[in-house]
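Here is the structure we will look at, set down as structure tokens.
Bear in mind that the values in this text are calculations on the coordinates, not laboratory data. Only a predicted model underlies this, so the values are computations on that prediction, with no experimental measurement involved. Because the Cβ atoms are built from the backbone with ideal geometry, glycine has one as well, and the counts that use them run over all protein chains shown.
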Amino acid sequence: MNNLKTSIIIVSYNSEDFIEKCILSVFKNINSNTEVIVLDNASNDKTYEILGKFKKKIKLLKSEINLGFGQGVNKAVKEAQGEYLFLLNPDTEVKSPFLDEIINFYENNKDCGALGVKTIMPNGEVQKTVKKEPTIKGAFFEFILESKNTYSEYNPKSDKPLEVEVVYAAALLIKKDLFNKLGGFSNKYFMYYEDVDLCKRIRKLGKKIYYYPCVSILHLVGATKSSLDKTVLNYNSSIVYHGRLGVFVLKIIFLVYRIKRKFLK
């Protein structure tokens with residue numbers, strides 16, 4: 001009989017510099033009702049070789065092509081046996097036991113659809129991992145009318161759990177049944193916006209997104225070595241999300257913002 005409570009899902013790509021520390025930190029802070037599934041996304045460094053050290057303790061999967069983040073997670077989730085999924089970036093380190101606490105919050109808040117924990121950068125600053133659902137209106141309010149936190153990511157100034165619109169998927173808890181009901185991450189996105197899209201679809205089902213700052217995880221932001229142009233990937237995903245006309249309007253808003261800043265200095 002399956003008694004697994006949680007499946008930790010890690011999608012790695014060229015993570016040789018930090019994947020071992022990530023895995024070791026996870027195993028220091030989980031119990032026997034948790035499994036760890038790692039999918040290597042066609043790394044061309046020593047990531048898969050390093051992961052081989054843990055093959056008796058983890059479910060190790062390998063993709064022959066880079067599927068991108070969302071599709072990599074979807075592939076790994078097919079192997080998951082846990083009631084809950086905890087998505088975790090490979091460039092993170094877990095500092096204390098955390099799963100029981102966040103699962104307890106999830107279960108005691110029946111409207112919870114997804115929950116993101118606080119991530120701390122190496123310099124000690126809290127990473128901005130929360131945002132409003134990005135819209136043209138939100139961009140106009142933030143960059144033209146100077147209304148804060150209506151488009152860009154931000155760090156909630158709260159030490160208590162609170163409802164938000166979007167949390168990033170670097171450290172995110174969701175029930176597997178709900179994830180599967182949503183069809184997982186959309187295959188329209190290779191990288192970027194997939195978590196924004198997922199949160200939007202969760203909220204459409206009447207569920208809520210929570211930011212949970214009572215648990216923190218170290219995140220080496222942008223540590224993955226890649227030949228892929230992140231600016232291009234972000235731009236391509238923004239076209240999928242906003243449409244070409246929407247992206248054009250956003251460019252105008254950002255241009256006006258830059259001109260305003262230049263002349264108001």
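Can you tell me how many residues in the stretch 157-175 are surrounded by fewer than 19 Cβ atoms within 10 Å (Cβ to Cβ) and either in contact with an Asp or Glu (Cβ under 7 Å, 6 or more places away or on another chain) or of a type in the set (K, R) (or both)?
3
Please indicate, with yes or no, whether at least one residue in the stretch 134-142 is of a type in the set (S, T, Y) and surrounded by 22 or more Cβ atoms within 10 Å (Cβ to Cβ).
Of the stretch 134-142, the ones of a type in the set (S, T, Y) are 135.
This time we only want the ones that are surrounded by 22 or more Cβ atoms within 10 Å (Cβ to Cβ), so: none.
No; the residues of the stretch 134-142 include none that is of a type in the set (S, T, Y) and surrounded by 22 or more Cβ atoms within 10 Å (Cβ to Cβ).
Name the pairs whose Cβ atoms lie under 9 Å apart, with the first residue in the stretch 16-35 and within 15 Å of Q81 (Cβ to Cβ), the second aromatic (F, W, Y) and not in a loop (DSSP other than H, G, I, E, B), and 6 or more positions between them or separate chains?
Filtered contacts from the stretch 16-35: T34/F86.
Going through the stretch 54-76 one residue at a time, which ones are in contact (Cβ under 8 Å) with a residue 24 or more places away in the chain, farther than 22 Å from L233 by Cβ and out of contact with any Asp or Glu (no Cβ under 6 Å at 6 or more places or on another chain)?
Of everything in the stretch 54-76, those that are in contact (Cβ under 8 Å) with a residue 24 or more places away in the chain, farther than 22 Å from L233 by Cβ and out of contact with any Asp or Glu (no Cβ under 6 Å at 6 or more places or on another chain) turn out to be F54, K57, I58, L61.
Restricting attention to the stretch 1-41, which residues are outside any helix (DSSP H, G or I), crowded, with 16+ Cβ neighbours inside 10 Å and among the hydrophobic types (A, V, I, L, M, F, W, C)?
I8, I9, I10, V11, F18, I30, V36, I37, V38, L39
Of all the strands (runs of 3 or more DSSP E) wholly in the stretch 145-231, which have at least 1 residues that are under 20 Å from K95 (Cβ atoms), under 16 Å from the mean Cα position of the chain (by Cα) and in contact (Cβ under 8 Å) with a residue 12 or more places away in the chain? Explain how you work it out, then say what you get.
On the way: elements: 162-164, 171-175, 208-219.
Where strands (runs of 3 or more DSSP E) fall fully within the stretch 145-231 and carry at least 1 residues being under 20 Å from K95 (Cβ atoms), under 16 Å from the mean Cα position of the chain (by Cα) and in contact (Cβ under 8 Å) with a residue 12 or more places away in the chain, they are 171-175, 208-219.
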